Amino acid sequence: MARLAWWRTSRVIESFAPTTGRVLGVITLVIGAVILVDIIVEWRTWPGLTTAAVVLAVSAFVWLALVRPSVVAYPDVMVIRNILSDVHVPWHLVESVAIAPVLTVVAGGRSYRSSAIAVSGSDRRALRRAQRASVEAATQRIPTSAAELVNRPTTPADLGPSQYVVTRLTMLAEKHAEDSKHVTEVQRHWRWPEFVFIAVMVALAIVAAQLR
């Protein structure tokens, strides 16, 4: 049974960033960095250490919740990076990809969800544009066949961010199914480094609060 290491060494084909929240997360991390610099320069006391530990713990949580989540495509697997764990899904096991209302991948009879990819305002606007374009096309001329209108090709401009991800992942699953057959199962890897870091920072904040 083939196993994957919890880290990846092969090349990234494509990476899909969160459709919402990442900008807020980055801004929060920048603010946290500014606070830490101020503590190092001006506030080197026990209360300062307590505050620094709390800021680091919160920053690590923001990293896990808002910045790090994503979906990354490798030649043999799709890696769904969520808050608590990474799920490695071999392409040949992917049965379907959909937004309901977050990205849902069905593989091996089970559903795996990504907190990073969800329906956004851009998706709703893209859907309204596509609907208007279909109505305009139907009123401007009569299709030569019923299938011509129903099966009219969708252009990239018609797709919102989340639907683009669904389309690309579906294409990649079909393209790389043969390349992934050496991986026989879906694998989950927990984010222990971040968990340990947050626990250590919380413990440090408690100890520093007692010593001030």
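When Thr20 is tested against (1) more than 18 Å from Val207 (Cα to Cα); (2) among the β-branched types (Val, Ile, Thr); (3) part of a helix (DSSP H, G or I), exactly one condition is not met: (3).
Within segment 12-25, is there a residue that is modelled with pLDDT of 95 or more and open to solvent by 40 Å² or more (accessible area, probe 1.4 Å)? No, segment 12-25 contains no residue that is modelled with pLDDT of 95 or more and open to solvent by 40 Å² or more (accessible area, probe 1.4 Å). Only a single item in (1) open to solvent by less than 80 Å² (accessible area, probe 1.4 Å); (2) under 22 Å from Ile13 (Cα atoms); (3) modelled with pLDDT under 60; (4) not β-branched (Val, Ile, Thr) is not met by Tyr112, and it is number (3).
The set of residues in segment 157-197 being open to solvent by less than 20 Å² (accessible area, probe 1.4 Å), part of a helix (DSSP H, G or I) and closer than 20 Å to Pro90 by Cβ consists of Val165, Val166, Leu169, Leu172, Ala173, Ser180.
Just the residues that are part of a helix (DSSP H, G or I) and touching a residue at least 60 places away in the same chain (Cβ under 8 Å), please, taken from segment 58-93. I'd like the intermediate steps shown before the answer.
Taking segment 58-93 as the starting set, the residues that turn out to be part of a helix (DSSP H, G or I) are 58-67, 91-93.
Within segment 58-93, Ala60, Phe61, Trp63, Leu64, Trp91, His92, Leu93 qualify.
Mind listing just one residue for me: the one in segment 68-88 that is of a type in the set (S, T, N, Q) and within 17 Å of Arg22 (Cβ to Cβ) and, of those, surrounded by the most Cβ atoms within 10 Å (Cβ to Cβ)? Within segment 68-88, the match that is surrounded by the most Cβ atoms within 10 Å (Cβ to Cβ) is Asn82.
The values are calculated or read from the model by the stated rules, or taken from the named source; none is laboratory data. In this text, all values refer to a predicted model and were calculated from it rather than measured experimentally. Using ideal geometry, Cβ is built from the backbone for each residue, glycine included, and neighbour counts are taken over all protein chains shown. What goes into the accessible areas is simple: the full protein's heavy atoms, side chains included, and nothing from ligands, DNA or RNA. Shrake-Rupley method; radii C 1.70, N 1.55, O 1.52, S 1.80 Å.
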